Structure formats: structure tokens, C-alpha cells
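Engineer: Before I ask anything, here is the structure I am working with.
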Amino acid sequence: MSRHQPTFGDGSETIFNMYVKMSQEEDDKMANRWQKDADGILIFTGLFSVAVAVLLTVSTQDLRPNSQATSEFYLANIYQLLADPNISRVSILATPATLPPFSPPKFAIWVNSLWFLSLLISLTCAFLATMLQQW
């Protein structure tokens, strides 16, 4: 009698060996399915993250003041000062023109928040799929 091979007096050794073989095959199939699923998730999340990152670079422009509007404001003030010959130089220096405060539109804040959330979720899924593959 071998030390590593158990023998059962009731004849269940062949059934147990069949069970071990069948369960090992099922475990291998399940691991292969998980591996293929993780590959698909990684490809999808990678492409999705790239698309969202591109959209984020475009949509974050709405969160900053428009440089053309700033230039237009200062040029209009310079034009007014140069066009009116009755204004003295002392009054020009005493009252500098101030740019109106900028606040981004609410829709831009909402849209960008959702884009960032989408990117975060996508990168988290990619990270989890990578961890699944390593496991």
C-alpha cells in the first residue's frame, strides 16, 4: 500500500479519481473563460479610456476663460482710450480696467465631471482586469 495513494475499502476510489479529473477540467475551462473575459475587458477599457481622454481634452476648454474674450476686452479698452482725446493721462493711470470675473457654465462643470467619472471607472476596470489576469 502506497503512502500517497489512499485506498478505500468500499470501492469509491475510481469514482473519486473520476471526480477529481472532471473537476480539474471544469476549473481549467473556467480559468480560461476568465482569462479571455479579462482580455476583452482590457481591450475595451483601453479603447474607451483613450476616447474619453480625447473628449476630456476638448471639453475642459469650457472650464477656462476664453483667451480671445480677454484680448478683446483689453483691446476695446485701449481703443476707447486712444479714440477719446479728452481723457488725460492721469485719469488713465488712476482707473485701470479690470476684467470681469469668469465662472464656467454649469453644463460644462456637469459634463466634465461625468467625463472624469467615466475615465476613473474605466481605468479602475482596467486595473481590476489586470489584477485578475495576474491572479
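The values are calculated or read from the model by the stated rules, or taken from the named source; none is laboratory data. Quick caveat: nothing in here was measured; it's all calculated off a predicted structure. Please note: Cβ atoms are built from the backbone with ideal geometry, for glycine as well, and neighbour counts cover all protein chains shown. Note: areas computed on protein heavy atoms with side chains; ligands, DNA, RNA excluded. Shrake-Rupley method; radii C 1.70, N 1.55, O 1.52, S 1.80 Å.
Engineer: With each pseudo-label sitting 7 Å past Cα toward Cβ, what's the THR124-TRP110 distance in nm, one decimal?
Structural biologist: Calculated label separation equals 2.2 nm.
Engineer: Let me ask another. Using a 1.4 Å probe and ignoring any ligands, DNA or RNA, find the accessible area of VAL50 and quote it in Å² to the nearest 10.
Structural biologist: Counting only protein heavy atoms, VAL50 exposes about 90 Å² to solvent.
Engineer: Given a 1.4 angstrom probe, I'd like the percentage of the accessible area of region 33-87 that is carbon and sulfur, rounded to a whole number. Can you show the working numbers first?
Structural biologist: Details: 2810 of 4270 Å².
So the carbon and sulfur contribution to the accessible surface is 66 percent.
Engineer: Still on this model: Given a Förster distance of 25 Å, report the FRET efficiency between SER71 and SER103 from their Cβ-Cβ distance, rounded to the nearest 0.05.
Structural biologist: 0.80
Engineer: Sort ILE15, ILE78 from largest to smallest accessible area, using a 1.4 Å probe on the heavy atoms of the protein chains. If you can, show how the numbers build up before the last one.
Structural biologist: Numbers: ILE15 110, ILE78 90 Å².
Sorted by accessible area, descending: ILE15, ILE78.
Engineer: Using heavy-atom solvent-accessible surface (probe 1.4 Å) with all chains present, what is the largest-first order of THR60, THR130? Working shown, then result.
Structural biologist: Details: THR60 30, THR130 55 Å².
Descending order: THR130, THR60.
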